[in-house]
Amino acid sequence: MKAENESAVPSPVAVGRPRAFDVDQALARALEVFWRKGYAATSLTDLTEAMDINKPSLYAAFGNKEALFRKAVDLYESERAPVAMAALAEPVARVAIERLLNVILESHTHPDNPPGCLVVQGALPSGAEDEPIARELQQRRAATQGAIRERLERAKAEGELAADTDPADLARYVFTVIEGLAAQARDGATREELRRLVALAMRAWPAA
């Protein structure tokens, strides 16, 4: 049993009672805590202190810790997905992928954010109770890799890639670089160091 009974949902507060806090602001603060500490290492006390609310208010507004984390990840992706999709929309595939890698590393190393990537590192498996969150993030990573694969399939159809290129393998390679950038950023790599890694990775591009 968890010490703080993080999965149980207590009785809701009285119906009609106005909330004395900004829900969007509280969610943004929760996102930063999850991003910095990861799902498993974040306690309800960490969250309520950062959000400046009590536990009944957290449950009433967001549900349990798992539900709050999912909302935080939704917010995280809503702020980053448009930028990533704009990069993939570049008309030249090589430019699209290089731009994608660079906008990702800029997010990972932004001075106003915790380093690294919430979706890549937010739920490293630590116990059976965390498996649903780990699977959730795995699915989200797979969706990103799938979007990259679709862009590369189009590139191959348009003759931008070597004839023997497997778009699925190339997408997996690109996403492996993305995961590596997140890990390096979390370990303290600078933006310029990561840009050099992207330049090295792009040397493997299988041009037609």
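The values are calculated or read from the model by the stated rules, or taken from the named source; none is laboratory data. Every value quoted in this text rests on a predicted model; they were computed, and no experiment measured them. Every residue, glycine among them, receives a Cβ derived from its backbone with ideal geometry; neighbour counts consider all protein chains shown. Heads up: the accessible areas ignore ligands, DNA and RNA and are worked out on the full protein's heavy atoms, side chains in. Shrake-Rupley method; radii C 1.70, N 1.55, O 1.52, S 1.80 Å.
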In nanometres, the difference between 0.36 nm per residue of separation and the alpha-carbon distance of residue 200 and residue 131 is 21.4 nm
Helix-only [θ] at 222 nm, the chain, -39500 (n - 2.57) per DSSP H run of 4+, per residue, nearest 500, equals -21000 deg cm²/dmol
Of the accessible area of the stretch 110-208, computed with a 1.4 Å probe and all protein chains kept, carbon and sulfur make up a percent value of 50 percent
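Could you tally up the Lys pairs in the stretch 22-156 with alpha carbons closer than 22 Å? Skip any pair fewer than 8 positions apart unless they're on separate chains. Don't skip to the end; give the middle numbers.
Working: 37/55; 37/65; 37/71; 55/65; 55/71.
So the count of such lysine pairs works out to 5.
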Options [x] 17.4, 53; [y] 19.7, 65; [z] 16.5, 54 for Rg and Dmax of the Cα atoms in Å; the value derived from the coordinates is listed as [y]
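Just check the stretch 86-208 against the gyration tensor rule for me: Cα atoms, a ≥ b ≥ c as the square roots of the eigenvalues, rounded for a/c under 1.5, and otherwise prolate or oblate depending on whether a/b exceeds b/c.
Details: a/c = 2.34, a/b = 1.41, b/c = 1.66.
Oblate shape, in that a/c is at least 1.5 and b/c is the bigger or equal ratio.
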Result for the stretch 98-208: accessible area per residue, probe 1.4 angstrom, in square angstrom, of 51 Å²
Helix 191-202: inclination vs the chain longest Cα principal axis, degrees, rounded to 10, gives 40 degrees
Counting only protein heavy atoms and rolling a 1.4 Å probe, one gets per residue an accessible area for the stretch 47-90 in Å² of 43 Å²
Among the stretch 173-203, those whose backbone N falls under 20 Å of a label point 7 Å along Cα→Cβ from residue 41 are 179-190
Stretched fully, the stretch from residue 142 through residue 166 gains (0.36 nm per residue minus C-alpha distance, one decimal, in nm) 6.9 nm
